[in-house]
Amino acid sequence: MITGDGRFDAAGAMSVGTLLVVIAIFLAIEMTAMLVGESALPEQVAAIRKALEDSGGVERVIHLRTMHAGPDELIVAAKIAVHHSDTGTQIARDIDKAEKALRAAVPSAKYIFLEPDLDRGRHTDPQAPGLDIDDSDAQAGPDSSPTGD
């Protein structure tokens, strides 16, 4: 004790305790986002979409989901529209090219899952980017009534 006054020791201990609580809250908030699986940044999503659509063989991206698996690891899952006339071999080659282009554009994309599909005249819902609506497949039948009549 330099001053001989215990109040300074108490104030110092409370300051250190407050600092530790603030740091713990900050770390909890940051780590919670990583535990939940944060999406990629909008710039990364745009780069992924562009890489896929510019790779050749991909008509458009129907659905796209991203999630961080770690600080520098990104999971990419996409449903891509392929040409109606493509063979299985051609689709596999196009997927390989798309994966290569995606990894070049966004190196943190470690896990890439691409599902090929045919584009059946779907239109995009502007309220939900990446989600598509297809009302053309709805069939009115005897069971389509909400009351079951």
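Things to note:
- Gain upon complete extension [Ala77, Glu30; 0.36 nm per residue less C-alpha separation]: 14.5 nm
- Amide H contacts under 5 Å for Ala109, placed H, 5+ residues apart: Leu74
- Global form of segment 42-129, assessed from the alpha-carbon gyration tensor, a/c cut-off 1.5: oblate
- Each residue of segment 61-78 was assigned a 3J(HN,Hα) from its phi angle through the Karplus expression (A = 6.51, B = -1.76, C = 1.60, θ = phi - 60°), giving 8, 7, 10, 9, 10, 10, 7, 6, 9, x, x, 10, 10, 10, 9, 10, 10, 9 Hz with x at Gly and Pro.
- Here the simple spin-label model places points 7 Å from the Cα toward Cβ, and for Glu43 and Asp9 these points are separated by 5.2 nm.
- Net length gained if the chain between Leu19 and Gln90 were fully extended (0.36 nm per residue, minus Cα distance): 19.6 nm
The numbers here are math on the coordinates, done by the rules we state, and not lab data. The structure presented is a predicted model; accordingly, all values stated were derived computationally and were not measured. Note that each Cβ is placed from the backbone with ideal geometry, even for glycine, and that neighbours are counted across all protein chains shown.
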